[in-house]
There are 2 protein chains.
Amino acid sequence: MVSIREFQNMMRRIYLARDSRRGPYGTYRWLSEELEELKEALDNGERAALQEEFADVIAWLASLANVLDVDLEKATLEKYDDRCPKCRASPCECPFRTKR
Amino acid sequence: MVSIREFQNMMRRIYLARDSRRGPYGTYRWLSEELEELKEALDNGERAALQEEFADVIAWLASLANVLDVDLEKATLEKYDDRCPKCRASPCECPFRTKR
């Protein structure tokens, strides 16, 4: 088991120097490309590739949080605390929308 | 502290019925929109909004993993195990690229 914080710290140890050099927008761009690759893996239906792309998206999200000095676990738990942040129910009871 | 797995389970309890109804592509689309909102928060430099958007991106990523029956923590730790998956060093020693 690894906490969100521990994972963010792992990314910091491995990548912070490089991520800082790349900066927030360069790091965001990379995150955005990983999300495209996740879409491709979804289209192709390749299970191993799909799992790798999930790993890459959360890794780059943690990298971006590091560059911006955001505590990803704290930010996450402040918004999602076992209930839907909008309707405050679990399971969520908000009106269902397929699109926004 | 919350593990990646616990957080994914929390999202499952709150949202799985809705996420399943929306399906992988509908859920992906929403994740993609959250990433755009993260970019807007980055542009605007509003700290509270930025933190919320980080929370939303990881929440929708966990939702998508639930819909696709991917174990996000397992997928993440299989790729990122305290070293760079490419050069196997920590800190990473890969050639530096700003773009791909």
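Might you check whether a residue that is within 19 Å of B:Glu40 (Cα to Cα), more than 8 Å from chain B (Cβ to nearest Cβ) and touching a residue at least 40 places away in the same chain (Cβ under 8 Å) occurs anywhere in segment A:23-32?
Keep residues of segment A:23-32 that are within 19 Å of B:Glu40 (Cα to Cα), which gives A:23-32.
The next check asks that each one be more than 8 Å from chain B (Cβ to nearest Cβ); those that pass are A:23, A:27.
Adding the requirement that they be touching a residue at least 40 places away in the same chain (Cβ under 8 Å) leaves A:23, A:27.
Yes, there is a match, as at least one residue in segment A:23-32 is within 19 Å of B:Glu40 (Cα to Cα), more than 8 Å from chain B (Cβ to nearest Cβ) and touching a residue at least 40 places away in the same chain (Cβ under 8 Å).
Of all residues in segment A:1-12, those satisfying the criterion of being open to solvent by 10 Å² or more (accessible area, probe 1.4 Å) and aliphatic (A, V, I, L, M) are A:Met1, A:Val2, A:Met10.
Name every residue in segment B:64-84 that is of a type in the set (Lys, Arg) and at the interface with another protein chain (Cβ under 7 Å from one of its Cβ atoms), in order of residue number. Write out each step before concluding.
Going through segment B:64-84, the residues of a type in the set (Lys, Arg) turn out to be B:74, B:79, B:83.
Answer for segment B:64-84, where residues must be of a type in the set (Lys, Arg) and at the interface with another protein chain (Cβ under 7 Å from one of its Cβ atoms): B:Lys79, B:Arg83.
Under the condition of being open to solvent by less than 10 Å² (accessible area, probe 1.4 Å) and under 18 Å from B:Thr27 (Cα atoms), the residues counted in segment A:18-34 number 2.
Per the listing A:Tyr15, A:Tyr80, the residue uniquely surrounded by 14 or more Cβ atoms within 10 Å (Cβ to Cβ), farther than 18 Å from B:Tyr28 by Cα, without any contact (Cβ under 8 Å) to a residue 12 or more places away in the chain and hydroxyl-bearing (Ser, Thr, Tyr) is A:Tyr80. When the test is whether a residue is facing chain A (nearest Cβ under 7 Å), without any contact (Cβ under 8 Å) to a residue 40 or more places away in the chain, of a type in the set (Phe, Trp, Tyr) and open to solvent by 50 Å² or more (accessible area, probe 1.4 Å), B:Phe96 passes it. Scanning segment B:15-22 for residues that are modelled with pLDDT of 95 or more, more than 14 Å from A:Leu72 (Cβ to Cβ) and within 16 Å of the chain's Cα centre (by Cα) turns up at least one hit.
Apart from one condition, B:Leu42 fits all of (1) more than 22 Å from A:Ser90 (Cβ to Cβ); (2) crowded, with 21+ Cβ neighbours inside 10 Å; the exception is (2). Count of segment A:45-58 residues, restricted to those that are open to solvent by 60 Å² or more (accessible area, probe 1.4 Å), more than 8 Å from every other protein chain (Cβ to nearest Cβ) and charged (D, E, K, R), is 2. Quick one: B:Leu61 ticks every box in (1) facing another protein chain (nearest Cβ under 7 Å); (2) free of Cβ contacts under 8 Å to residues at least 24 places away in the same chain except a single one, so which number is it? Evaluating B:Leu61 over (1) facing another protein chain (nearest Cβ under 7 Å); (2) free of Cβ contacts under 8 Å to residues at least 24 places away in the same chain leaves (2) as the failure.
Of everything in segment B:59-77 that's of a type outside the set (Gly, Ala, Ser) and within 20 Å of A:Ala75 (Cα to Cα), which residue is most open to solvent (accessible area, probe 1.4 Å)? Steps first, please.
Let us first name the residues in segment B:59-77 that are of a type outside the set (Gly, Ala, Ser), namely B:60-61, B:64, B:66-74, B:76-77.
Cutting the leftovers down to within 20 Å of A:Ala75 (Cα to Cα) gives us B:60-61, B:64, B:72-73, B:76.
Numbers: B:Trp60: 35, B:Leu61: 0, B:Leu64: 1, B:Leu72: 3, B:Glu73: 3, B:Thr76: 0 Å².
It comes out as B:Trp60.
Condition first: touching a Ser or Thr at 6+ places or on another chain (Cβ under 6 Å) and either at pLDDT below 95 or more than 19 Å from A:Glu73 (Cβ to Cβ) (or both). Now tell me which residues in segment B:23-55 satisfy that. Give the steps one after another, and end with the answer.
Pass one, segment B:23-55, residues touching a Ser or Thr at 6+ places or on another chain (Cβ under 6 Å): B:26-27, B:55.
Hits for segment B:23-55 are B:Gly26, B:Thr27.
The values are calculated or read from the model by the stated rules, or taken from the named source; none is laboratory data. The structure presented is a predicted model; accordingly, all values stated were derived computationally and were not measured. Counting neighbours? That spans all protein chains shown, and the Cβs are built from the backbone with ideal geometry, glycine included. For the accessible areas, the whole protein counts, side chains as well, though only heavy atoms, and no ligand, DNA or RNA atoms are used. Shrake-Rupley method; radii C 1.70, N 1.55, O 1.52, S 1.80 Å.
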